[in-house]
Amino acid sequence: MTLIPLPAFSDNYVWMLHDGREALVVDPGDAAPVLQALQQEDLELRSILVTHHHADHTGGIHTLRDTTGAQVWGPARESIPAPYQPLAQGQQLTCLGLSFEVLDVPGHTAGHIAFYSADIEGAPLLFCGDTLFSAGCGRLFEGTPEQMEDSLRRLAMLPAATRVCCTHEYTLSNLRFALAVDPDNTDLLAYQAHCQALRDRGLPTLPSSIDLERRINPFLRASAPPILAALHAFDAAGLAHDGAFATLRRWKNEYR
Ligand SMILES: [Zn+2]
Ligand SMILES: [Zn+2]
């Protein structure tokens with residue numbers, strides 16, 4: 001199995017997984033990079049997995065379904081271009097002979113789902129859309145901080161080796177904020193240097209891993225003592241009233 005992030009728009013990735021003959025893609029906001037990759041690698045598109053309804057994740061569905069006949073799977077609690085197979089927490093799907101489990105991860109949108117496979121050639125794989133980003137998390141457009149915190153907590157409990165395939169290349173900008181709230185975290189400093197070197201060469205910083213995110217992502221560590229101290233300095237009253245996670249998310253929204 002080959003896993004490729006196809007760049008789309010300014011900072012999206014359409015993840016493609018293929019076995020040399022057949023392919024699946026996740027969140028095709030644009031059909032063009034997918035069609036180009038299918039042609040280049042001589043692949044047949046079998047499945048389209050969709051995490052949530054935003055246009056930059058769904059805009060290519062019509063064209064791809066019409067040109068390839070691929071089956072579309074998407075969130076049961078949101079509407080994406082029909083027809084598609086609606087999925088919710090605990091349901092399984094099989095494509096390319098691989099089994100994926102569906103996780104409900106509301107927060108960024110109300111019905112956001114993620115796709116988890118426990119074993120793809122020895123390593124687990126997660127397609128998490130705009131819920132978990134490397135060193136960050138999605139904005140709360142439709143859900144509450146409590147929902148997002150719970151969604152992230154469940155993702156953080158996945159096996160440490162899980163490869164985390166996020167939909168946006170936001171890592172460097174997330175790291176600037178992460179270092180502002182957690183400046184003495186040596187894993188974070190090392191990771192920033194690593195990601196900067198990758199971006200300088202035009203390479204993706206993704207996939208990340210659950211192990212790494214547990215160590216460096218402030219949204220998975222909002223109650224860690226150094227982050228609590230930073231939140232207290234940022235807005236002690238807000239921290240007391242709203243809790244660590246909601247205050248951290250608000251700070252990130254305001255951070256420039
Ligand atoms: Zn989104
Ligand atoms: Zn997005």
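Hey, does the stretch 20-33 have a residue that's more than 23 Å from residue 120 (Cα to Cα) and under 18 Å from the mean Cα position of the chain (by Cα)?
yes
Within the stretch 97-113, track down each residue that is within 15 Å of residue 47 (Cα to Cα) and surrounded by 23 or more Cβ atoms within 10 Å (Cβ to Cβ).
Once the filter is applied, which keeps residues that are within 15 Å of residue 47 (Cα to Cα) and surrounded by 23 or more Cβ atoms within 10 Å (Cβ to Cβ), the stretch 97-113 yields only 100.
Looking at 212, 198, 172, can you tell me which residue is in contact with a Cys (Cβ under 7 Å, 6 or more places away or on another chain), in a helix (DSSP H, G or I) and surrounded by fewer than 21 Cβ atoms within 10 Å (Cβ to Cβ)?
Only one candidate passes the filter, namely 172.
Residue check: is residue 46 within 22 Å of the chain's Cα centre (by Cα), more than 23 Å from residue 110 (Cβ to Cβ) and free of Cβ contacts under 8 Å to residues at least 60 places away in the same chain? Outline the logic, then answer.
On the way: within 22 Å of the chain's Cα centre (by Cα): yes; more than 23 Å from residue 110 (Cβ to Cβ): yes; free of Cβ contacts under 8 Å to residues at least 60 places away in the same chain: yes.
It is true that residue 46 is within 22 Å of the chain's Cα centre (by Cα), more than 23 Å from residue 110 (Cβ to Cβ) and free of Cβ contacts under 8 Å to residues at least 60 places away in the same chain.
Under 6 Å between Cβ atoms, which residue pairs at least 6 apart in sequence (or on different chains) link something in the stretch 11-23 that is farther than 15 Å from residue 39 by Cα and open to solvent by 30 Å² or more (accessible area, probe 1.4 Å) with a partner that is in a strand (DSSP E or B) and not β-branched (Val, Ile, Thr)?
11/168
The values are calculated or read from the model by the stated rules, or taken from the named source; none is laboratory data. Here the structure is a predicted model, which means the values were calculated and not measured. A quick note on method: Cβ atoms are made from the backbone with ideal geometry, for glycine too, and the neighbour counts reach across all protein chains shown. Areas reflect the complete protein model, heavy atoms only, side chains present, ligands, DNA and RNA absent. Shrake-Rupley method; radii C 1.70, N 1.55, O 1.52, S 1.80 Å.
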